[in-house]
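Taking it in order: structure first as structure tokens, then the write-up.
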Amino acid sequence: MAFISTGYNPEKPMENRITDIGPRDHNEFYPPVIKNNKGKWSHHEILEPGVLVHVGESGDEVYTVRCGGARLMSTTHINEICEIADKHCDGYVRFTTRNNIEFMVDSKDKLEPLKNELASRKFDGGSYKFPIGGTGAGVTNIVHTQGWAHCHTPATDASGTVKATMDELFSDFQDMRLPAQLRVSMACCLNMCGAVHCSDIAILGYHRKPPMLDHEYLDKVCEIPLAVSACPTAAIKPAKQTLANGTEVKSVAVKNERCMYCGNCYTMCPSMPLADTEGDGIVLMAGGKVSNRISDPKFSKVVVAFLPNEMPRWPSMTDAINKMVEAYASGANKYERLGDWADRIGWEKFFEVCELDFTHHLIDDFRQQAYMSWRQSTQFKF
Amino acid sequence: MAKHETPLLDELESGPWPSFVSDLKQQAEVRAKNEKGVEFQIPVDCVDDLLGVMELSYKHGRTHWKHGGIVGVFGYGGGVIGRYCDQPQAFPGVEHFHTMRVNQPAGKYYTTDYLKKLTELWDFRGSGITNMHGATGDIILLGTTTAQLEEVFWTLTHDYNQDLGGSGSNLRTPADCLGSSRCEYSCYDTAALCYFLTNEYQDELHRPAFPYKFKFKFDGCPNCCVASIARSDMSFIGTWKDGIKIDQDAVAKYVENDPAYPANAGAFKGSKDWGPFDLEKEVLGLCPTKCMKYENNKLSIDNANCTRCMHCINVMPRALKIGDDRGLSILVGAKAPILDGAQMGSLLVPFVEVNPDNDYEEITEVIENVWDWWMEEGKNRERLGELIMRQGFQKLLEVTGIDPMPQHVAYPRTNPYIFWKEDEVEGGWERDVEEYRKHHQR
């Protein structure tokens, strides 16, 4: 494994350096049918789950086959995507905002061979490599975060919870039987890199224990002021601590009851780890959306305060998700998003029909906006 | 033979959804065999060790990664996330396993030539593991050593004409929906604006000078497929000012349930039978402003009372088209919950033209006014939305020079505690108490 240099000289980092060139120009990456019809599309239609046609004013058509994919993806898998795109799509492919892969062809006769090719490919373990679906009034791919694959503050795994959930919801990925689209999102701690706060159903990793303090090492490996200022609730203060051997060291103290378990201190200071087998688990939220369609965009609400991490398939979590999806599928009107349905029937009914327990943790007590969520009316259902 | 036993992860190989475990395993095998003769610059068995460390997390219910401190490429303050394993003796292949964020192309279209060059580089100098794509939009290259960072950056910039994305307290990599490239709803060219602003603000993207992160997202229409209204400090959402265009013949086709005109562009062609399409119930009845009428086989829209929610257009895309006087709305301050709770974007500019010919001057002016204020007044780690909450929406209007209008609020304030400025009150606040006492005894 000899080191091979590109020509970069660490002694002279500015020599021949190129910076600030930005991304590649998207125009280089458009398939011809896209380039020719950009800004001049007439309409589109979902022909079947996962298959769309867009028709240009010119009469040109582009057929898109949408496939699910794990966003944690190897170069081997990307090369396989390229192989298929080279064979069927003249060397073009795109990804969606929700980690789907889209293969496009410019005529209908190219569609069946492409679909067959995609549907035929499976991993050795038996799962589909390129399941077709994710369109219309169904479930599409889950946007998510890194989890135990790569992050230092997750309270659960991301790829695993997503795999377990999508296996459960797979038939709805390949169907369009729901009242409207159902967007599931996953973020592995409350910092929400995945911004799950406006999803029909959100899976959120959550810690429940404040950080541990490694006093002996803390001042040696951390800048104490940075750890103090990292805390969003000002729960951390500098403090002298006495070790078991009687040595007095500079360290910090944490006001545990103010901690919201975000792990921002751990980001700044590795001597403040907070991960915990029993403390960590899953919060489920529901009823958010980002579209302005019919009703305003809305935030997701917490509907399950905590479920333990049940590796490797989180059955309590997928069970609760399934209940919500089924209750929504049978109860909502056509075009009604999950949150609009819950608002219409009332959240008291939501818990009843979804067979979820309502607990004191679900009543907001965080700062002033909590009041807005309490009921200021005599109108409610028994 | 796998390097580590992974009984828990193995259970995630079954089931229909693409298994990341199977993919990681195939990658580990490809590296071990190395049929292409790659001169791997980081440990050949790093993917085996990634599986091993994940299995350990599945056993413990805890992560085994540490945050990476300061690693990066010279002169940039973002684009690289340091990452170290907390069990380096057991998993030496991932002891150093840094992330590089690569600025994705607008719309996430690719040629396979480009992708293959990228995979070639990442097999050579990294783990061969990626995210396609990260939550903000970047291509994420997951796992390499410190010594490789400059080398990867060199190849990206010199040979691939490709730069890194953002991280830390700077402009994060802007992201867009696919816009007019393949969507008839798009009210502006999201890709062109995203690309222009990304290039215009390279300095802000690479060199942290902000109080905290700042995100741009570009949605072509109010359907908000890229979630800009929930996820970006500054959200650019396409809209129009004139009327929705109606094709009455096509409306008739929908009413007749012509199979070539399925409701919602075919979104309900699933296993559930919703019955025949009913224009009154499904379009007029669900219109939030009830601004539509269907009389004598003619659909009419009171456009002055339309709020452009997109529902009718989504339901009947062959009959109804977005208007021609197009532009975008700018909303500001959206963020995830940390700390004061989640915020949705608030409307700041109801309508602005999207004009590439003057380098989007009307848009960059708003951006720069907002940044000037936020950089001056924002506290460390204070998102724009939180500054607006702290100093007030009125202050935001003042610094951007935008006139207040009823569109800015869902409803006017419900308290009368108006803090008047002295110069807004006739005669000011300095008064002569002696003069007052001439008419009002003590």
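Restricted to region A:1-36, and to residues that are over 17 Å from B:A106 (Cβ atoms) and part of a helix (DSSP H, G or I), which residue is most open to solvent (accessible area, probe 1.4 Å)?
So, considering only residues that are over 17 Å from B:A106 (Cβ atoms) and part of a helix (DSSP H, G or I), the one most open to solvent (accessible area, probe 1.4 Å) is A:N36.
Filter region B:84-101 for residues that are open to solvent by less than 70 Å² (accessible area, probe 1.4 Å), closer than 20 Å to B:L141 by Cβ and assigned to a loop (DSSP other than H, G, I, E, B) and give the result.
Matches in region B:84-101: B:F91, B:F97, B:H98.
Select from region B:321-365 the residues that are of a type in the set (V, I, T) and assigned to a loop (DSSP other than H, G, I, E, B) and write down the one among them that is least open to solvent (accessible area, probe 1.4 Å).
Within region B:321-365, the match that is least open to solvent (accessible area, probe 1.4 Å) is B:I322.
Identify, from the list A:G331, A:G288, A:G279, the residue that is in contact with a strand residue (DSSP E or B) (Cβ under 7 Å, 6 or more places away or on another chain) and of a type in the set (G, A, S).
The unique qualifying residue is A:G288.
Can you tell me which residues in region B:139-173 are within 9 Å of another protein chain (Cβ to nearest Cβ), in a loop (DSSP other than H, G, I, E, B) and touching a residue at least 12 places away in the same chain (Cβ under 8 Å)?
Selection gives B:G143, B:Y160, B:Q162, B:D163, B:G165, B:T173.
Only one residue in B:G79, B:G126 is more than 7 Å from chain A (Cβ to nearest Cβ), at pLDDT 95 or above and within 23 Å of the chain's Cα centre (by Cα), so which one is that?
Exactly one of B:G79, B:G126 is more than 7 Å from chain A (Cβ to nearest Cβ), at pLDDT 95 or above and within 23 Å of the chain's Cα centre (by Cα), namely B:G79.
Looking for something within 8 Å of chain B (Cβ to nearest Cβ) and either among the acidic types (D, E) or open to solvent by less than 20 Å² (accessible area, probe 1.4 Å) (or both) - is there at least one such residue anywhere in region A:197-220?
Yes, some residue in region A:197-220 is within 8 Å of chain B (Cβ to nearest Cβ) and either among the acidic types (D, E) or open to solvent by less than 20 Å² (accessible area, probe 1.4 Å) (or both).
Taking helices (runs of 4 or more DSSP H) that do not extend beyond region B:366-442, which have at least 1 residues that are touching a strand residue (DSSP E or B) at 6+ places or on another chain (Cβ under 8 Å) and surrounded by 12 or more Cβ atoms within 10 Å (Cβ to Cβ)?
B:384-391, B:393-400
So, A:G134, is that one part of a loop (DSSP other than H, G, I, E, B), out of contact with any His (no Cβ under 8 Å at 6 or more places or on another chain) and facing another protein chain (nearest Cβ under 10 Å) or not?
Answer is no for this residue.
Could you please find all residues in region A:63-84 being facing chain B (nearest Cβ under 7 Å), open to solvent by less than 10 Å² (accessible area, probe 1.4 Å), of a type in the set (A, V, I, L, M, F, W, C) and in contact (Cβ under 8 Å) with a residue 12 or more places away in the chain?
A:L72 - this is the single residue of region A:63-84 that is facing chain B (nearest Cβ under 7 Å), open to solvent by less than 10 Å² (accessible area, probe 1.4 Å), of a type in the set (A, V, I, L, M, F, W, C) and in contact (Cβ under 8 Å) with a residue 12 or more places away in the chain.
Would you confirm whether or not region A:153-169 contains a residue that is closer than 28 Å to A:D343 by Cα and over 16 Å from the mean Cα position of the chain (by Cα)?
Yes: region A:153-169 contains one or more residues that are closer than 28 Å to A:D343 by Cα and over 16 Å from the mean Cα position of the chain (by Cα).
Of all residues in region A:174-183, which are surrounded by fewer than 23 Cβ atoms within 10 Å (Cβ to Cβ) and at the interface with chain B (Cβ under 8 Å from one of its Cβ atoms)?
A:D175, A:R177, A:Q181
Within 9 Å of chain A (Cβ to nearest Cβ) and open to solvent by 10 Å² or more (accessible area, probe 1.4 Å), is that true of B:H206?
So B:H206 fails the test.
Take region B:184-210 and flag every residue that is under 18 Å from the mean Cα position of the chain (by Cα) and not in a helix (DSSP H, G or I).
B:S186, B:C187, B:Y188, B:D189, B:Y201
A:A164 is checked against (1) at pLDDT 95 or above; (2) in contact with a strand residue (DSSP E or B) (Cβ under 8 Å, 6 or more places away or on another chain); (3) buried (at least 24 other Cβ atoms within 10 Å of the Cβ) and fails just one. What number does that condition carry?
Failing condition for A:A164: (2).
Being touching a residue at least 40 places away in the same chain (Cβ under 8 Å) and either crowded, with 18+ Cβ neighbours inside 10 Å or part of a helix (DSSP H, G or I) (or both): is that true of A:D340 here?
yes
What residue, among those in region A:269-322 that are more than 10 Å from every other protein chain (Cβ to nearest Cβ), in a loop (DSSP other than H, G, I, E, B) and within 18 Å of the chain's Cα centre (by Cα), is nearest to B:C287 (Cα to Cα)?
A:G287
Select from region B:49-83 the residues that are aromatic (F, W, Y) and either open to solvent by less than 40 Å² (accessible area, probe 1.4 Å) or without any contact (Cβ under 8 Å) to a residue 60 or more places away in the chain (or both) and write down the one among them that is nearest to B:W154 (Cα to Cα).
So, considering only residues that are aromatic (F, W, Y) and either open to solvent by less than 40 Å² (accessible area, probe 1.4 Å) or without any contact (Cβ under 8 Å) to a residue 60 or more places away in the chain (or both), the one nearest to B:W154 (Cα to Cα) is B:Y76.
If you go through region B:209-247 one residue at a time, how many are without any contact (Cβ under 8 Å) to a residue 60 or more places away in the chain and open to solvent by 20 Å² or more (accessible area, probe 1.4 Å)?
Looking only at that region, the number is 1.
State whether one or more residues within region B:40-48 are open to solvent by 40 Å² or more (accessible area, probe 1.4 Å), more than 10 Å from every other protein chain (Cβ to nearest Cβ) and not in a helix (DSSP H, G or I).
Scanning region B:40-48 turns up at least one residue that is open to solvent by 40 Å² or more (accessible area, probe 1.4 Å), more than 10 Å from every other protein chain (Cβ to nearest Cβ) and not in a helix (DSSP H, G or I).
Regarding region A:235-253, can at least one residue be identified that is more than 9 Å from every other protein chain (Cβ to nearest Cβ), open to solvent by less than 60 Å² (accessible area, probe 1.4 Å) and within 30 Å of B:A227 (Cα to Cα)?
For region A:235-253, residues more than 9 Å from every other protein chain (Cβ to nearest Cβ), open to solvent by less than 60 Å² (accessible area, probe 1.4 Å) and within 30 Å of B:A227 (Cα to Cα): absent.
The values are calculated or read from the model by the stated rules, or taken from the named source; none is laboratory data. It should be emphasised that the depicted structure is a prediction, and the values quoted were computed from it without experimental measurement. Glycine also receives a Cβ, built like all others from the backbone with ideal geometry; neighbour counts cover every protein chain displayed. To get the accessible areas, we keep the full protein, side chains included, count just its heavy atoms, and leave off ligands, DNA and RNA. Shrake-Rupley method; radii C 1.70, N 1.55, O 1.52, S 1.80 Å.
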